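In what follows, a structure is listed as structure tokens, so that the remarks can point back to it.
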Amino acid sequence: MKMSLLVAAFRLVPLLLLLLSACSPSPAKLAVGDKAPDFLVEDLDGRSVSLAGLAGRPVVIRFFVTDCKFCRADTGVFSDYYRKHQAQGLEVIYITTTVDRARVKAFADDLKIPFPVAIDYNRKVSQSFNIKVEPQTVVLGGDHRIRGAILGGVGERELDELLGAQLSGAGTAPAGPAATGPAADVVKPDARCPVCGMFVAKYEVWISRIEESPGHFLDFDGVKDLMAYRFNPAAYGGRELKAESRFLVRDYYSLQWLDGREAFYVLGGDVLGPMGHELVPFSGRAAAEAFMADHHGRKVLAFDEITPQLVAELRGGDPMKPAGR
């Protein structure tokens, strides 16, 4: 059953994309489960953003206007949710029919919005989604099928109800294809990075590991710190690594464990790890280059192209001390 709904309490629409009745003919109505229409917009920085270009990633589209109190009040929710889950592939796009570019830019700058903000000058995007009233938020899964919509203000709970299953991660991780023994099955909750001292289990996407000997692992909160340890283990209370030591990293998109020596790494870009700029790992060069183009990375590197000087640059030239030192 499809029907037009106006939810006075501005709550989650669990079954249908929220549509408002109109006397004049309108585009075909969209229901939960329908494929979202593709679109192409230009953000305030002049970059093209298309739904097709975000294939495989969950997307939250917020249709807003600059003089809307809800739009201003809950933008922090969207920004925090994006930062929390961008490492898991989440994309957020703000689209407005406010055509005064200066007002839109002031809105984005004032609220320090970290994701693309675009102006729908001809209302084609809004019309393709049957948006009659703003603010309205449309939530898409990784297959870009509609999971639901929210009219009015938005909280993290509503976003979690629609996307939680796709973005969840308990912070434990297998140790790689050749790992053996019980200790290899999970990253312990109290495991600390020997370089920076952070607990690493909660950063599932970024965890990387060195298997010093069969079944004995060192866990890191990102490739950057793994490499710092690799180049100078004594600086962090470690011992010289053996030639047979294994390096394990996780593919950024699939989260599959990779042999670190065979992976490709994107340097720089706008996706940050727990400790800032990272070396983002991928199983193949093509995927790494696509990510670099999408996220303004500097370069794709093979394992042996990563140098101590580069790691020092990434870490700000200020080697951190391990916990307790």
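Derivation of every value follows stated rules applied to the coordinates shown; laboratory data play no part. This one's a predicted model, so the numbers in the text were calculated from it and none came from an experiment. Here the Cβ is made from the backbone with ideal geometry for all residues, glycine too, and neighbour counts use every protein chain on show.
Below, the figures for the structure above:
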read-out	value
Packing rank of 264-273, 203-212, where each peptide gets the mean count of other beta carbons within 10 Å, highest leading	203-212, 264-273
Lysine-lysine proximity count for segment 182-314, Cα under 20 Å, sequence distance 8 or more or distinct chains	4
Karplus (6.51, -1.76, 1.60) ³J(HN,Hα), θ = phi - 60°, over segment 143-155, in Hz, Gly and Pro reported as x	8, 6, 8, 6, 9, x, 8, 10, 9, x, x, 10, x
For segment 41-52, 3J(HN,Hα) per residue [Karplus equation, 6.51 cos²θ - 1.76 cosθ + 1.60, θ = phi - 60°, Hz, x = Gly/Pro]	10, 10, 7, 5, 8, x, 8, 6, 10, 10, 5, 4
In order through segment 271-282: 3J(HN,Hα) via Karplus (6.51 cos²θ - 1.76 cosθ + 1.60), integer Hz, x for Gly, Pro	9, 10, x, x, 10, x, 4, 10, 9, 8, x, 9
Whole-Å distance, taken between Cα centres, linking segment 240-297 and segment 79-131	28
Candidate lysines - alpha carbon under 21 Å from residue 35, same-chain residues fewer than 8 apart omitted	2, 124, 132
